[in-house]
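Q: Below are the structure tokens for one structure; questions will follow.
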Amino acid sequence: MSQVRSYSALSLTILALTLFTLPAWADWPAIAPEDLKLTDLAQQKGAPAVVLRREEEANDPQNYHSVYMRIKILTEAGRRYADVEIPYLRRHFRVDGVSGRTVHPDGSIVEFNGKVFDKMVVKERRGRGQQVRVHVKSFTLPDVQVGSILDVRYTLRYDDHLFAPPEWMIQTDLFQKSVSFKFTPYSGDLIMAHDRVGRGSAWTSYLPKDAKPEWHRLMTTSLATRRTPDQYVDLSMNDVPALIDEPFMPPAAMLRYRVQFYYTVDPASLEVESLPNNDSVKLDYAIYSTMQKQESANSIVARRDLVMGGLAFPANMYKEIKGFYDKVKVGDDEQMILKGSAHAEVK
């Protein structure tokens, strides 16, 4: 057994060294000759561009969403797709692994080595005038011409104690020849909004009849942890039509092919005793870190706030929080007493 492990470790080391010595372009998918020669799209005459390949993967146990897209520029108007914008919530996510390149019809390649800019845009205001702020990473691919193929790749990462089931927005404003999506959910219990325990995942979808996400079981061993996935769901489609926004049509969001994932609620969730003002309690990561370091309970600050939906943290984290929870004071001598689970938002 020890020899097998030694050989496995040696093989992984050699593989890692080999990968690190490969040039940056080596891991891009190969381009079919017919894609290099493509000048127009039979399914959508006059289209400015076409998505040749699109891949998205969301992995909650490993806390990342990755995106890859390959676009063919067909007209002068399509050159605007050289400007890439990646929207994200900086409070919870960070963007890394940004890479791109431009491939010309003759096969010559221009790698993106420029700067990625970060800017903030304000999308809307909430009920009390609170601004919803979305940050955007933006950059421009070099030397884009009619006939060029654009490759773009990036990864969204988030904290270990956050989980973000994806929403697959399958249709875009461009025709897509090939799309594939994959989601690996967290297999353990979660503390969710509204003070409920989550267990398992599901989805709602708006898709054509011949398209359906499929579950796949994964083999696990006795060494599996809460971070070891036991299943994933995927979806692949070809020749996805573009969704063109036209005057007087219903909102595009209602018509777009999409799949929305969510974690389901365990019916056996415990209830929380009424708290002051009946507000939910939000403990941020600073509080949790203070607890982990076993600092004085007097330095712990508890705040009451509305819980943001769509985020959760592992149930085992709650056990550590609960040990300190009755020591936290709000106001002068007001104690917060819990009978069951609480929701925590981790920044």
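The values are calculated or read from the model by the stated rules, or taken from the named source; none is laboratory data. All of these numbers come straight from a predicted model, not from anything done at the bench. Methodologically, a virtual Cβ is constructed for each residue, glycine included, from the backbone with ideal geometry; neighbour enumeration extends over all protein chains shown.
Q: Scanning the range 189-211 for residues that are surrounded by fewer than 17 Cβ atoms within 10 Å (Cβ to Cβ) and within 25 Å of T225 (Cα to Cα), which turns out nearest to the chain's Cα centre (by Cα)?
A: First pass over the range 189-211, keeping only residues surrounded by fewer than 17 Cβ atoms within 10 Å (Cβ to Cβ): 194, 200, 202, 204-211.
So of that shortlist, the ones also within 25 Å of T225 (Cα to Cα) come out as 200, 202.
On the way: G200: 18, A202: 16 Å.
The selected residue is A202.
Q: Return the residues of the range 144-188 that are among the basic types (K, R) and either within 25 Å of T102 (Cα to Cα) or part of a loop (DSSP other than H, G, I, E, B) (or both); say none if nothing qualifies. Let's see the steps before the verdict.
A: From the range 144-188, those among the basic types (K, R) are 153, 157, 177, 182; that's our starting set.
Answer for the range 144-188, where residues must be among the basic types (K, R) and either within 25 Å of T102 (Cα to Cα) or part of a loop (DSSP other than H, G, I, E, B) (or both): R153, K177.
Q: Further question on the same structure: From the list D60, D83, D106, D40, which one is closer than 30 Å to K119 by Cβ and exposed (fewer than 14 other Cβ atoms within 10 Å of the Cβ)? Don't jump to the end; show me each part of the working.
A: Numbers: D60 fails: exposed (fewer than 14 other Cβ atoms within 10 Å of the Cβ); D106 fails: closer than 30 Å to K119 by Cβ; D40 fails: closer than 30 Å to K119 by Cβ.
On inspection, the qualifying residue turns out to be D83.
Q: For the range 43-57, give me each residue that is in contact with a strand residue (DSSP E or B) (Cβ under 7 Å, 6 or more places away or on another chain) and either crowded, with 18+ Cβ neighbours inside 10 Å or among the hydroxyl-bearing types (S, T, Y) (or both).
A: Filtering the range 43-57 for residues in contact with a strand residue (DSSP E or B) (Cβ under 7 Å, 6 or more places away or on another chain) gives 43-44, 47, 49-57.
Matches in the range 43-57: A47, A49, V50, V51, L52, R53, R54, E56, E57.
Q: In addition: What tally of residues in the range 63-80 results from selecting those that are buried (at least 19 other Cβ atoms within 10 Å of the Cβ) and of a type in the set (K, R)?
A: Qualifying residue count, the range 63-80: 2.
Q: State all residues of the range 212-248 that are more than 17 Å from G200 (Cβ to Cβ) and among the β-branched types (V, I, T); if no residue qualifies, say none. Walk me through it before giving the result.
A: Here is the first cut: in the range 212-248, the residues more than 17 Å from G200 (Cβ to Cβ) are 212, 219, 221-223, 225, 234-248.
Matches in the range 212-248: T221, T225, V240, I244.
Q: I would also like to ask the following. Since L150 meets every condition but one in (1) modelled with pLDDT of 95 or more; (2) crowded, with 19+ Cβ neighbours inside 10 Å; (3) on the phi > 0 side of the Ramachandran plot, which condition does it not meet?
A: So the condition that L150 fails would be (3).
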